[in-house]
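What follows is a set of notes on a single structure, which appears directly below.
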Amino acid sequence: MELASTYNPAHTEDKWYKYWMDQKFFHSEPDGREPYTVVIPPPNVTGMLHMGHMLNNTIQDILVRRARMMGKNACWVPGTDHASIATEAKVVGKLKSEGIDKADLSREEFLVHAWDWTAKHGGIILEQLKKLGASCDWDRTCFTLDESRTDAVLDTFVQLYEKGLIYRGVRMVNWDPEALTAVSDEEVVYKEMHSKLYYLQYKIEGEDGHVTIATTRPETILGDTAVCVNPNDDRFKHLKGKRVLVPLINRSIPIIEDDYVDMEFGTGCLKITPAHDLNDYQIGMRHNLESIDILNDNGTLSQAADIYIGKDRFEVREEIEKDLLKSGNLIKTEPYDNKVGCSERTGAVIEPKLSTQWFLKMTEMAKVALDAVMSDEVQFHPPKFKNVYRHWMENVQDWCISRQLYWGHRIPVYYLNNGDFVVAKTADEALKMAQEKTGDSTLTIENLTQEKDVLDTWASSWLWPISVFDGFSSDKKEIDYYYPTNDLVTGHDIIFFWVARMIMAGYEFKGTYPFKNVYFTGMVRDKQGRKMSKQLGNSPDPLDLIAQYGADGVRVGMLLCSPAGGDLLFDESLTEQGRNFSNKIWNAFRLVKGWQIDQNIPQPESAIRGIEWFENKLNQTIELIDDHFSKFRISDALMAVYTLFRDDFSSWYLEIIKPAYQQPIDAATYKATIHNLDKILKLLHPFMPFISEEIWQLLEDRKDGESIMVSDMPVAGKVDQKLLASFDLTKEAVTGVRNIRKQKNIANKDAIALNILDNTGNYDKYFDAVLAKLANAEELVFVNEKVNGALSFMVKTNEYFIPLGDLVDVEAEIARLEQDLRYNKGFLVSVTKKLSNERFVSSAPEQVVAIEKQKQADAEAKIKALEESIASFKK
């Protein structure tokens, strides 16, 4: 058949993806094979594909496809996350654009809009992943808010509550005034901001004196309930037992003493606002201070503030500065740069706020999960993230699991009219429990009110490796087969949000780890090192890249600059390099398929030797690839097969075995070449699934239902290291000839005479047929002395001569030889210096010392030969 001159991914990718889907190659069911299980980090249900997704899912697909080809029952479970805050914010924004305020809707009415939005936009990202070639088991697609996952979330909430691990309490939380919900510590991003430091005077009650405090948030003075000094600070001994007046509102508050105050910082006096600062809250608890919450949920000032009621907190900050100046309480302001906590989702400045929330105790679960990672029962790749993980786990706080939203898993707590409550999965179960608890059998559903809050999104995704296999149901067939999963690929930015909590959940609910390995990808940045964002305009559309360079080209391009755990500096030229590599593979295939086969001609010795060398090189590379994968060096594994094809197969092997122009190839060599190309395509397939399938299908006649993706991954055979070393010397000799041809403009088609002087008697003739062909030498002549009037080069201690008669520029050749001589003399000095170091010789491994001694001997032999060559030209 006629093969296209260039590879066109647009003609193959959809075709083969449909074929794989139709054949159900991605689908997995429990059977007798060893399972290999990966669960996708579920993207937000309304999200769109970005470069981080591309990297993460490319790596997952590589691992899954490789496992499938190694005979394992590969199961890659896809799905999406309901993403409470992000999705609700989008729905609220959509409603606002339609003139609808969320506050005017009931929960049920709002959820109708949320589900409509999800139905319209949800799952788009999964369809986009198919363009990348993701071989997920799409029949298993899950959603964190679907029925099965919801059952798991509610069941575990009840279970944890009954164990005493979930409790309700008033705590200082991170409050997002825009999303109108509490967020966890991990969802707070600290940003450097230019602020002011305000120095304020508080009048001492009943005296003329005053105390001075410094604050970056002057509006919070309206919630002050004390001023605190250090009991060891002699400057303020006279203030003990006295009171001061809060500026503008003249509230009388006590001066208290606490060791928390840093005598060296600021003025030494600290305003205490228990309702709006975590440290102040803790001081307030110790001293039994009143907490005055001056902020409404939306960040405006409440009735408790007395003044500025209903105005936004930042508007008040500007107004109160003027009013404090007028009243004489503001002494001065100073520029002040500080880090301000902001909501990761909305960007709003976080307000510490006292709030009644639901919490999950973490201390004991964290200990178990920490031990699992530090002992390598769960292995991190790269391991440097163990220290980050340990720091967080050793300082873990109870998890605030409630969110003041509509979209999410509604907390299964039901309140009675007297404020008491019961915890149950369903309303019917709650009613039964309430009747038993109160002894009142006349209670009805109407007497119960379900908790309005929903659970934190992570309270569903922490169960993901278990819940996707219905691990909380009575049917244990799937969970017992697929769990624990094998590998998790995720970003290190959610090591606390998700990874740590999944490990906790695994041990808490299944008694073992949820996955054996965690591979952390880095952040995808532009080539200037900046984080990709729409605002900067430096984030390319992944689908546009796929359309331009092909999915295989994009996959290769991303991996070429993607060390584990290190940030990826993305450069579009790398995807172009990936596309060019696809074209190189295609062109090599076209070359091979274009040869005519003659069953009657003998196999040349050069081809026999070339095939033997390449089979050893192939086995060596397979060993290297296996080693890279065992250490999760995915990019290194790609480079191993990349260089095998580009350098060894295309640049050397094909040159060795290809027939003369317009001449046929012998059948044995052609068969071996097809066999070798078949193996290379299989090694390439996890990285480049589409082009490898296209070529593999054309390589030989295939039956319907056959595919490279379910064929066997090549296994390494024996490697003859001596043979490979011998071929490396042959390559050096060929390169030496080619360099002289280039220098003297001798066409490759013009045959040369090649003389060889074996100075040590150790010359290996095994690949001479290959040398003769690639050097286009009429014959290889072994000589006993140097050849006068010839250009020469050396490989190890052997000298090669190309007689060129009058074509030789004696002066130029002497200059070249003298330059080579200077280099080798310098090299000999460095090696001799190392060998004269007794510490090196006595402490280095015997093999290392032997290598250095061989280098010394080779350099001495080269120097001797070069000096003789120079002398022969000067005769």
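The values are calculated or read from the model by the stated rules, or taken from the named source; none is laboratory data. Since we're looking at a predicted model, the values are computed, not measured. Methodologically, a virtual Cβ is constructed for each residue, glycine included, from the backbone with ideal geometry; neighbour enumeration extends over all protein chains shown. Accessible surface is based on the protein model in full, side chains and every heavy atom, while ligands, DNA and RNA are left aside. Shrake-Rupley method; radii C 1.70, N 1.55, O 1.52, S 1.80 Å.
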All positions within segment 25-55 that are hydroxyl-bearing (Ser, Thr, Tyr) and either farther than 28 Å from VAL518 by Cβ or modelled with pLDDT under 95 (or both): THR46
Hits in segment 143-170 (condition: surrounded by fewer than 18 Cβ atoms within 10 Å (Cβ to Cβ), basic (Lys, Arg) and either closer than 18 Å to HIS409 by Cβ or at pLDDT below 90 (or both)): ARG168
Where MET70 falls short, out of the listed (1) under 30 Å from VAL641 (Cβ atoms); (2) crowded, with 19+ Cβ neighbours inside 10 Å; (3) hydrophobic (A, V, I, L, M, F, W, C); (4) out of contact with any Leu (no Cβ under 8 Å at 6 or more places or on another chain): (2)
Please tell me if THR220 is farther than 15 Å from ASP258 by Cβ and not in a strand (DSSP E or B). yes
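Take segment 514-532 and flag every residue that is open to solvent by 50 Å² or more (accessible area, probe 1.4 Å), assigned to a loop (DSSP other than H, G, I, E, B) and in contact (Cβ under 8 Å) with a residue 60 or more places away in the chain. Before the answer, list the steps.
Pass one, segment 514-532, residues open to solvent by 50 Å² or more (accessible area, probe 1.4 Å): 516, 523, 525, 527-528, 530-531.
Those left that are additionally assigned to a loop (DSSP other than H, G, I, E, B): 523, 527-528, 530.
If the condition is that a residue be open to solvent by 50 Å² or more (accessible area, probe 1.4 Å), assigned to a loop (DSSP other than H, G, I, E, B) and in contact (Cβ under 8 Å) with a residue 60 or more places away in the chain, then MET523 is the only one that fits.
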Within segment 315-339, track down each residue that is open to solvent by less than 30 Å² (accessible area, probe 1.4 Å) and either of a type in the set (Val, Ile, Thr) or under 30 Å from ILE503 (Cβ atoms) (or both). VAL316, ILE320
What is the residue count in segment 374-391 for residues that are part of a helix (DSSP H, G or I) and either open to solvent by 40 Å² or more (accessible area, probe 1.4 Å) or on the phi > 0 side of the Ramachandran plot (or both)? 5
Failed item in (1) closer than 27 Å to THR181 by Cβ; (2) not in a loop (DSSP other than H, G, I, E, B), with ASN298 passing the rest: (2)
Of the residues GLN603, GLN596, GLN535, which is farther than 27 Å from ASN517 by Cα and at pLDDT below 95? GLN535
Restricting attention to helices (runs of 4 or more DSSP H) lying wholly within segment 788-875, give those where 1 or more residues are surrounded by 14 or more Cβ atoms within 10 Å (Cβ to Cβ) and touching a residue at least 12 places away in the same chain (Cβ under 8 Å). 810-835, 846-874
Which one is modelled with the highest pLDDT among residues in segment 760-804 that are of a type in the set (S, T, N, Q) and either within 54 Å of the chain's Cα centre (by Cα) or more than 24 Å from SER872 (Cα to Cα) (or both)? ASN776
Residue check, LYS722 against (1) open to solvent by 80 Å² or more (accessible area, probe 1.4 Å); (2) in contact with a helix residue (DSSP H, G or I) (Cβ under 9 Å, 6 or more places away or on another chain); (3) part of a helix (DSSP H, G or I), all met but one. Which one? (2)
List every residue pair whose Cβ atoms lie under 6 Å apart, where the two residues are 6 or more positions apart in sequence or sit on different chains, the first residue falls within segment 538-555 and is touching a residue at least 24 places away in the same chain (Cβ under 8 Å) and on the phi > 0 side of the Ramachandran plot, and the second residue, located anywhere, is open to solvent by 10 Å² or more (accessible area, probe 1.4 Å) and among the basic types (Lys, Arg). GLY550/ARG579
Residue tally, condition in a helix (DSSP H, G or I) and either free of Cβ contacts under 8 Å to residues at least 24 places away in the same chain or open to solvent by less than 20 Å² (accessible area, probe 1.4 Å) (or both), over segment 33-55: 3
Given the criterion of a type outside the set (A, V, I, L, M) and under 26 Å from ALA607 (Cα atoms), identify the matching residue among LYS749, LYS744. LYS749
Between a first residue in segment 614-632 that is farther than 18 Å from HIS675 by Cβ and open to solvent by 50 Å² or more (accessible area, probe 1.4 Å) and a second residue that is in a helix (DSSP H, G or I) and of a type in the set (A, V, I, L, M), which pairs have beta carbons less than 6 Å apart while being 6 or more apart in sequence or on different chains? LEU624/ALA640
If we scan segment 76-89, do we find a residue that is open to solvent by 30 Å² or more (accessible area, probe 1.4 Å) and within 30 Å of TRP407 (Cβ to Cβ)? yes
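Taking ALA119 as the residue in question, decide whether it is outside any strand (DSSP E or B), small (Gly, Ala, Ser) and either open to solvent by less than 40 Å² (accessible area, probe 1.4 Å) or in contact (Cβ under 8 Å) with a residue 12 or more places away in the chain (or both). First the steps, then the outcome.
Details: outside any strand (DSSP E or B): yes; small (Gly, Ala, Ser): yes; either open to solvent by less than 40 Å² (accessible area, probe 1.4 Å) or in contact (Cβ under 8 Å) with a residue 12 or more places away in the chain (or both): no.
Here the answer is no, as ALA119 does not meet what is asked.
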So which residues in segment 8-24 are open to solvent by less than 30 Å² (accessible area, probe 1.4 Å) and either farther than 30 Å from TRP595 by Cβ or modelled with pLDDT under 95 (or both), if there are any at all? TYR17, TRP20
Taking segment 215-256, which residues are open to solvent by 30 Å² or more (accessible area, probe 1.4 Å) and under 19 Å from THR333 (Cβ atoms)? THR216, ARG217, LEU248
Please state which of the following conditions PHE687 fails to meet, knowing it meets all the rest: (1) open to solvent by 20 Å² or more (accessible area, probe 1.4 Å); (2) in a loop (DSSP other than H, G, I, E, B). (1)
If you check LYS131 against the conditions, is it under 20 Å from ALA551 (Cα atoms), open to solvent by 20 Å² or more (accessible area, probe 1.4 Å) and either modelled with pLDDT of 95 or more or part of a helix (DSSP H, G or I) (or both)? yes
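This table checks each residue for (1) of a type outside the set (Gly, Ala, Ser); (2) part of a loop (DSSP other than H, G, I, E, B).
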{"site": "PRO602", "(1), (2)": "yes, yes"}
{"site": "ALA607", "(1), (2)": "no, no"}
{"site": "ILE611", "(1), (2)": "yes, no"}
{"site": "GLU623", "(1), (2)": "yes, no"}
{"site": "LEU638", "(1), (2)": "yes, no"}
Among the numbered criteria (1) farther than 22 Å from GLU818 by Cα; (2) surrounded by fewer than 15 Cβ atoms within 10 Å (Cβ to Cβ), which single criterion is violated by LEU771? (2)
Per the filter on segment 416-438, residues at pLDDT below 95 and among the small types (Gly, Ala, Ser) are GLY419
When only residues in segment 444-486 that are closer than 23 Å to PRO78 by Cα and of a type in the set (A, V, I, L, M) count, which is surrounded by the most Cβ atoms within 10 Å (Cβ to Cβ)? VAL468
Is it fair to say GLU207 is surrounded by fewer than 21 Cβ atoms within 10 Å (Cβ to Cβ), assigned to a loop (DSSP other than H, G, I, E, B) and not aliphatic (A, V, I, L, M)? yes
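For (1) open to solvent by 50 Å² or more (accessible area, probe 1.4 Å); (2) without any contact (Cβ under 8 Å) to a residue 40 or more places away in the chain; (3) closer than 22 Å to MET504 by Cβ; (4) not aliphatic (A, V, I, L, M), each residue gets a yes or a no:
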position: PHE359; (1), (2), (3), (4): no, no, yes, yes
position: ILE401; (1), (2), (3), (4): no, no, yes, no
position: LEU416; (1), (2), (3), (4): no, yes, no, no
position: GLY419; (1), (2), (3), (4): no, yes, no, yes
position: ALA424; (1), (2), (3), (4): no, no, no, no
